[in-house]
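Participant: Let me begin by handing over the structure; questions about it come next.
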Amino acid sequence: MDSTTTLTESGQRALSVRWALVSLSLSMLLSSLGTSIANVALPTLAQVFDASFQQVQWIVLAYLLAITTLIVSVGRLGDLMGRRRLLLCGISVFTLASTLCGLAPSLELLIGARVLQGLGAAIMMALTLAFVGETVAKENTGSAMGLLGTMSAMGTAMGPSLGGVLIAGLGWQAIFLITVPLGLLTLLLAWRYLPADQPKTSRPAFDPLGTLLLALTLATYALAMTLGRGHFSLLNIALLLAACVGIGLFVWVEKRVTAPLIRLAMFHDRQLSGSLGMSLLVTTVMMTTLVVGPFYLSQALGLNAVGVGLVLSVGPLVAALTGVPAGRIADRFGARRMTFVGLVAIALGCLLLSVLPSSLGIIGYITPMVVITLGYAVFQTANNTAVMADVQPEQRGVVSGLLNLSRNLGLITGAAVLGAVFALASGVVEVAFAHPEAVASGMHITFTVALGLIGIACLIAVGSRAPTGCRA
């Protein structure tokens with residue numbers, strides 16, 4: 001009787017873990033889908049609201065800025081007030097904002113609703129990784145991280161194609177309203193199966209000044225990297241200088257407050273600081289593939305829009321298929337070792353893209369991209385596992401937020417900086433009108449720079465192997 005009861009309880013716990021992972025996976029899917037699904041609607045929304053491209057691009061930028069600005073703060077808030085409680089609030093906010101986006105009668109209200117949706121997505125992204133340590137055994141952390149990486153890649157891959165189908169069949173409102181029933185399902189599963197917050201013996205203080213300074217600094221940097229679409233003006237330079245001043249003020253404040261938003265001593269841990277640096281460098285390179293790829297495929301290889309879309313979908317598809325296996329590999333062979341293996345694969349792909357001639361056609365582009373994507377899937381899963389497996393429970397939210405922040409900053413930096421490198425290397429003011437040979441040359445030079453960045457990441461991986469410091 002006792003053994004039967006024990007087996008029953010064990011089965012129930014296993015079932016609860018599975019459904020908890022489903023809720024976390026859906027949270028990751030929705031937040032990544034929110035980023036990619038809106039891009040395809042920009043031409044339609046420009047016509048609907050009689051607006052310019054510069055105006056409608058804020059539909060995408062508002063969401064990205066909200067996530068980048070708030071993701072560390074909401075991670076820390078989850079550590080203080082309870083991660084389950086805050087994640088339920090985040091899913092609710094995301095679902096409500098999705099409804100408001102679909103019902104928005106004007107561009108201004110749509111952008112405002114996207115800011116609110118970005119707030120919900122920031123909470124979901126930050127706390128999803130943090131919850132892994134509370135829902136699965138430590139030896140299965142890599143598999144869980146791989147699953148979440150798969151869902152993130154699926155959201156990115158599904159966005160453009162799903163958005164196009166919904167706009168054609170149901171109108172632009174459907175790209176936002178489609179996430180409402182999924183959000184309600186995610187909320188129900190999270191409420192039912194996520195572990196309850198542990199009661200706290202004391203109520204730690206929040207850091208409002210540090211939170212405000214970090215949010216303003218991150219928003220300033222993101223604007224500096226996104227305004228002008230890679231063409232830096234005096235405004236961009238002024239914003240970058242303001243961001244540097246903001247970082248200095250933030251560090252000054254964090255050293256003096258009793259309950260800092262981020263404990264600066266955490267960065268004495270070479271593994272944590274190294275993982276954040278590697279994540280930023282790698283996602284900078286990954287964003288380069290999205291910036292350079294469409295121009296190379298359309299102008300150097302002569303593909304039409306459908307062909308470009310199909311080739312670009314190969315990367316997210318490979319990432320979606322390899323996320324879970326990558327997690328199992330990390331669990332079996334060690335996260336730190338597989339982090340380095342992933343970096344080497346990315347470096348090999350960048351090397352191929354920097355030297356292969358355009359005469360090889362689509363195969364000459366897809367093959368290196370598959371290598372890069374496989375490497376990225378292994379790297380991201382192993383890197384996240386190495387960080388989150390050993391982090392102190394009371395710091396999981398803020399560390400998860402920092403991991404997501406490094407990823408977002410890398411994406412923003414890659415679009416701006418390496419996008420500018422590509423434009424300069426192509427030797428023209430407007431890349432859209434560049435000669436095919438100039439575009440091919442620009443891609444080779446850009447991925448040579450990207451190879452250098454991955455080389456730096458490899459050096460960081462080697463240098464951060466020795467565990468030092470603590471994450472308290």
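The numbers here are math on the coordinates, done by the rules we state, and not lab data. If you're wondering where the values come from, they're calculated on a predicted model, not measured in any experiment. Methodologically, a virtual Cβ is constructed for each residue, glycine included, from the backbone with ideal geometry; neighbour enumeration extends over all protein chains shown.
Participant: Work out from phi, with θ = phi - 60° and the Karplus expression 6.51 cos²θ - 1.76 cosθ + 1.60, the ³J(HN,Hα) of each residue of the stretch 111-120, listed in order in whole Hz, and give x for Gly and Pro.
Facilitator: Here the 3J(HN,Hα) series is 5, x, 5, 5, 4, 5, 5, x, 4, x Hz.
Participant: Measure out, as a whole number of angstrom, how far apart the alpha-carbon centroids of the stretch 68-94 and the stretch 287-362 sit.
Facilitator: That distance is 32 Å.
Participant: If the viscosity is 1.002 mPa s and the temperature 20 °C, what translational diffusion coefficient in µm²/s does Stokes-Einstein give for the stretch 262-472 when Rh comes from Kirkwood over Cα pairs? Could you put the intermediate results ahead of the total?
Facilitator: Details: Rh = 17.7 Å.
Once the numbers are plugged in, D ends up at 121 µm²/s.
Participant: While we're looking at this one, here's another question. So what's the net charge close to residue 191: Lys and Arg +1, Asp and Glu -1, counting the other residues with Cβ under 15 Å from its Cβ? Numbers along the way, then the final one.
Facilitator: Details: positive: 83, 84, 85, 192; negative: 197.
Every neighbour counted, the sum reads +3.
Participant: Then there's this: Compare the peptides 450-460, 401-411 by average per-residue count of other Cβ atoms within 10 angstrom and give them in order, highest first. Walk me through the numbers before you get to the answer.
Facilitator: Values: 450-460: 19.5, 401-411: 23.7.
Packing order, densest peptide first, comes out as 401-411, 450-460.
Participant: Let me ask another. Only four residue types carry charge here, +1 at the Cβ of Lys and Arg and -1 at the Cβ of Asp and Glu. Report the dipole size of the chain about the Cα centre in Debye, rounded to the nearest 20.
Facilitator: On the way: 24 positive and 16 negative charges, 183 e Å.
That gives the chain a dipole magnitude of about 880 debye.
Participant: Still on this structure: For n ≥ 4 DSSP H runs only, could you compute -39500 (n - 2.57) per run for the chain, divide by its residues and tell me the 222 nm figure to the nearest 500?
Facilitator: Working: 19 runs with 366 residues, N = 472.
After summing the helix terms and dividing by the residues of the chain, the value is -26500 deg cm²/dmol.
Participant: Angle, helix 208-226 long axis vs. longest principal axis of the chain, Cα atoms, 0 to 90°, nearest 10?
Facilitator: Tilt relative to the chain: about 20 degrees.
Participant: From the residues 445, 271, 316, which one has its Cα farthest along the dipole of the stretch 262-472 in the positive direction, the dipole being from +1 and -1 charges on Cβ of Lys/Arg and Asp/Glu about the Cα centre?
Facilitator: So the residue furthest toward the plus end is 271.
Participant: With an 8 Å cut-off on Cα pairs and a minimum separation of 6 or more residues, tell me the relative contact order of the chain in percent. Please report the intermediate quantities before stating the final value.
Facilitator: On the way: 781 pairs, mean separation 109.0, N = 472.
Reported relative contact order: 23 percent.
Participant: Continuing with this model, one more query. Which order do the peptides 261-273, 318-330, 363-375 take when ranked by the mean count of other beta-carbon atoms within 10 Å per residue, highest first? It would help to have the intermediate numbers written out before the result.
Facilitator: Numbers: 261-273: 18.0, 318-330: 22.5, 363-375: 19.8.
So the order, starting with the most tightly packed, is 318-330, 363-375, 261-273.
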